[in-house]
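The values are calculated or read from the model by the stated rules, or taken from the named source; none is laboratory data. In this text, all values refer to a predicted model and were calculated from it rather than measured experimentally. Counting neighbours? That spans all protein chains shown, and the Cβs are built from the backbone with ideal geometry, glycine included.
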Amino acid sequence: MGRKIWMFILAIFAGYGLLAYYYLRYGGPHTQDVARARPPGYRPSYAETRSLGSSANPNDRFIRPRAKGAASDCTEEVAYWLNFPDDAAPRLPDPRAMGLDPGVTKDSGRYVTFETDHGGWNNIRMAFEAVAVFALVTRRTLVMPPAQFLYLLNKDSQGKNNKLGVRDIFDMEDLGKHLDVITMEEFLQREKVDTGGKDYKDLWGRHLWPMLREIVDFTPKWSPDKYCLWFGDEASANSTRAKQFCSDKREVIRYVDDPGAKVIHFRTEPENGYRMLTHFYTFLGFQDPSVDRSVKRWARRFMHYKSEIVCAAGKLQRILRDKIGARHYASYHIRRGDLQYAVVKIPAEEIVENIRDVVPAGIPAYVGTDERDKSFFDKLKAFHGGQLYFLDDLIEEAGSDFELSPNYYGMMEQLLCAGGSTFVGTHFSTFSGYIARLRGYRKWPSKSNYYPTKAHKYKYHPDKMPRRAHPVWYPREWPTSWERLDVDTETQPRPDMTTDDDQWFE
């Protein structure tokens, strides 16, 4: 009997020891002075709640691996969409309100084609998302343009020029579960387009766009800074809610399908007013709030980077956590290169001074950046106790078995930054903006995001979009795209997501 009692006591001590090990390894509280003065209405970031010994994030748990093929690093944390159901078809606007037959299907021989945006990747991504959601709600087939030379994404792993397409970055299999998606080559063959003797496979970019513009039926000039597109009946298009959605400076266009427009083509020619540089959720408005939420849920679940990119980011995140010996880290996106807003390019010591009251000193940190001189970050590294890591540090640690084109490094950096317990981004950067949305999908509090410039520090926090100042909201992402998506729309009506506060753009 005495031996059994001693074994029971030893088992208890072993259990407490195991709990202590996990507590220390995966992130005990970090020391931080939380008594500093805060601005009016300030709420502590997740990093600060961690420092007080509480957990504000549902992701603060052990995530079981959910592999896809051999990709054991594709956990439900980094592959966030795996946390959401994929079997329910999205609820779409009533086709009759758009002048469509109620029986219209997604593969009814009506198409949406588009030209790739001329800007950087996140401008390309935003335009693609807007066009894809438009194709979804209008029950049209989305035609993916062929690969071509994309700005800053034209180097393969051997340093040679190559061509890349949106379909090489986004997961086309998931995208096609509720949306009919085909390639440009398939479209040209299906419609027997006369290419003047050129092989369908050889058509791209400047050889393709002029030809497409000649054969399509409708090329909308819906500049997002002048118009918003409304899906609903005529009365709803004149409602207060439609006007609030579109802001005071944009005209509401009620979408009614033209039976003669077999092919709708989104042109990219900024100098002539053709550019879809906007978030889909600030351009496409819906009479039915449940449709609005359903479309956003569809985007959250089915419109994401392909598994090769996500699993590679998951592997690097695991390596980072192994190096720091903890689960939690702060993350930064510090853009120093071609961003035209000089006011946001500040020295590292100024960054430290501006964020020291919202980021715990000494916590390990990851930095996504285009700055190649690492000595620039010496002050920031000292603030983090010497534990400052960059993408090339993690790739070097991964060794020779890590093979991914440098074209995808930016997407991996976004996913790594999305895993930080506190995130500090670059104001006016759409790269930082998308990180905030990814963090929202992963359930990080919106107020765990900051900017390093003093004037913009808390401008991630407003959850309503300025109504009067500027109708183009694309430089940042807004919580309306990830918050309140799963609530009962009958008991939780959609709030007005705009405000008269014009301060964000200053």
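Brief remarks on what is shown
- Checked against (1) assigned to a loop (DSSP other than H, G, I, E, B); (2) modelled with pLDDT of 95 or more; (3) surrounded by 17 or more Cβ atoms within 10 Å (Cβ to Cβ), Pro146 passes all but condition (2).
- Every pair of residues 6+ apart whose Cβ atoms lie under 6 Å, when the first sits in region 235-249 and is crowded, with 16+ Cβ neighbours inside 10 Å while the second is aromatic (Phe, Trp, Tyr): Ala237/Trp230; Ala242/Trp230
- Boolean, Phe377 is of a type in the set (Phe, Trp, Tyr) and either more than 15 Å from the chain's Cα centre (by Cα) or part of a loop (DSSP other than H, G, I, E, B) (or both): yes
- Test result for Val424, over 30 Å from Pro85 (Cβ atoms), of a type in the set (A, V, I, L, M) and modelled with pLDDT of 95 or more: yes
- Any chance Glu490 is modelled with pLDDT of 90 or more and outside the structural domain of Leu316 (by TED's automatic domain parsing): no
- Residue in region 207-226 that is farther than 29 Å from Lys296 by Cα and modelled with pLDDT under 90 present: yes
Condition check ((1) at pLDDT below 95; (2) more than 22 Å from Ile319 (Cβ to Cβ)) across all residues:
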| position | (1), (2) |
| --- | --- |
| Val344 | yes, yes |
| Val352 | no, yes |
| Val358 | no, yes |
| Gly362 | no, no |
| Tyr366 | no, no |
| Ser375 | no, yes |
| Asp378 | no, yes |
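- Number of residues in region 176-190 that are in contact (Cβ under 8 Å) with a residue 60 or more places away in the chain and over 14 Å from Arg139 (Cα atoms): the value is 2.
- Leu142 under 19 Å from Leu208 (Cβ atoms), touching a helix residue (DSSP H, G or I) at 6+ places or on another chain (Cβ under 9 Å) and aliphatic (A, V, I, L, M): yes
- Candidates Gly196, Gly176, Gly159 - the one that is at pLDDT 85 or above, outside the structural domain of Asn407 (by TED's automatic domain parsing) and of a type in the set (Gly, Ala, Ser): Gly176
- Annotation note: of Leu394, Leu415, the sole residue that is closer than 18 Å to Arg125 by Cβ, modelled with pLDDT of 90 or more and assigned by TED's automatic domain parsing to the domain that holds Ala326 is Leu415.
- Filtered residue count, region 107-127, keeping only those that are touching a helix residue (DSSP H, G or I) at 6+ places or on another chain (Cβ under 8 Å) and assigned to a loop (DSSP other than H, G, I, E, B): 5
- Leading residue by the ranking (farthest from Thr278 (Cα to Cα)) among those in region 199-228 that are among the acidic types (Asp, Glu) and without any contact (Cβ under 8 Å) to a residue 40 or more places away in the chain: Asp199
- Whichever residue in region 330-362 is farther than 25 Å from Met411 by Cβ and touching a His at 6+ places or on another chain (Cβ under 7 Å) and, among such residues, is surrounded by the most Cβ atoms within 10 Å (Cβ to Cβ): Pro360
- Test: residue in region 82-89 that is modelled with pLDDT of 50 or more, closer than 15 Å to Ile309 by Cα, of a type in the set (A, V, I, L, M, F, W, C) and touching a Phe, Trp or Tyr at 6+ places or on another chain (Cβ under 9 Å): no
- Residue check, Asp202 under 27 Å from the mean Cα position of the chain (by Cα), assigned by TED's automatic domain parsing to the domain that holds Pro95 and more than 25 Å from Lys106 (Cβ to Cβ): no
- Criterion violated by Val291 - all others in (1) hydrophobic (A, V, I, L, M, F, W, C); (2) touching a Leu at 6+ places or on another chain (Cβ under 7 Å); (3) assigned by TED's automatic domain parsing to the domain that holds Leu404; (4) in a helix (DSSP H, G or I) satisfied: (3)
- Under the condition of being surrounded by fewer than 21 Cβ atoms within 10 Å (Cβ to Cβ) and either out of contact with any helix residue (DSSP H, G or I) (no Cβ under 7 Å at 6 or more places or on another chain) or not hydrophobic (A, V, I, L, M, F, W, C) (or both), the residues counted in region 376-389 number 7.
- Index of the failed condition, Arg241 passing every other in (1) within 21 Å of Tyr474 (Cβ to Cβ); (2) in a helix (DSSP H, G or I); (3) among the basic types (Lys, Arg): (1)
- Selected residue (criterion: farthest from Gly433 (Cα to Cα)) from residues of region 264-281 that are surrounded by fewer than 21 Cβ atoms within 10 Å (Cβ to Cβ) and more than 24 Å from the chain's Cα centre (by Cα): Asn272
- Flag for Pro93 being outside any helix (DSSP H, G or I) and crowded, with 18+ Cβ neighbours inside 10 Å: yes
- Filter result for the condition that a residue is within 18 Å of Lys315 (Cα to Cα), within 18 Å of the chain's Cα centre (by Cα), among the basic types (Lys, Arg) and assigned by TED's automatic domain parsing to the domain that holds Gln317, over Arg442, Arg437: Arg442
- Restricting attention to region 244-263, the residues being part of a loop (DSSP other than H, G, I, E, B) and within 24 Å of the chain's Cα centre (by Cα) number 1.
- Restricting attention to region 365-375 and to residues that are of a type outside the set (Lys, Arg) and surrounded by fewer than 23 Cβ atoms within 10 Å (Cβ to Cβ), the residue that is nearest to Ala436 (Cα to Cα) turns out to be Thr369.
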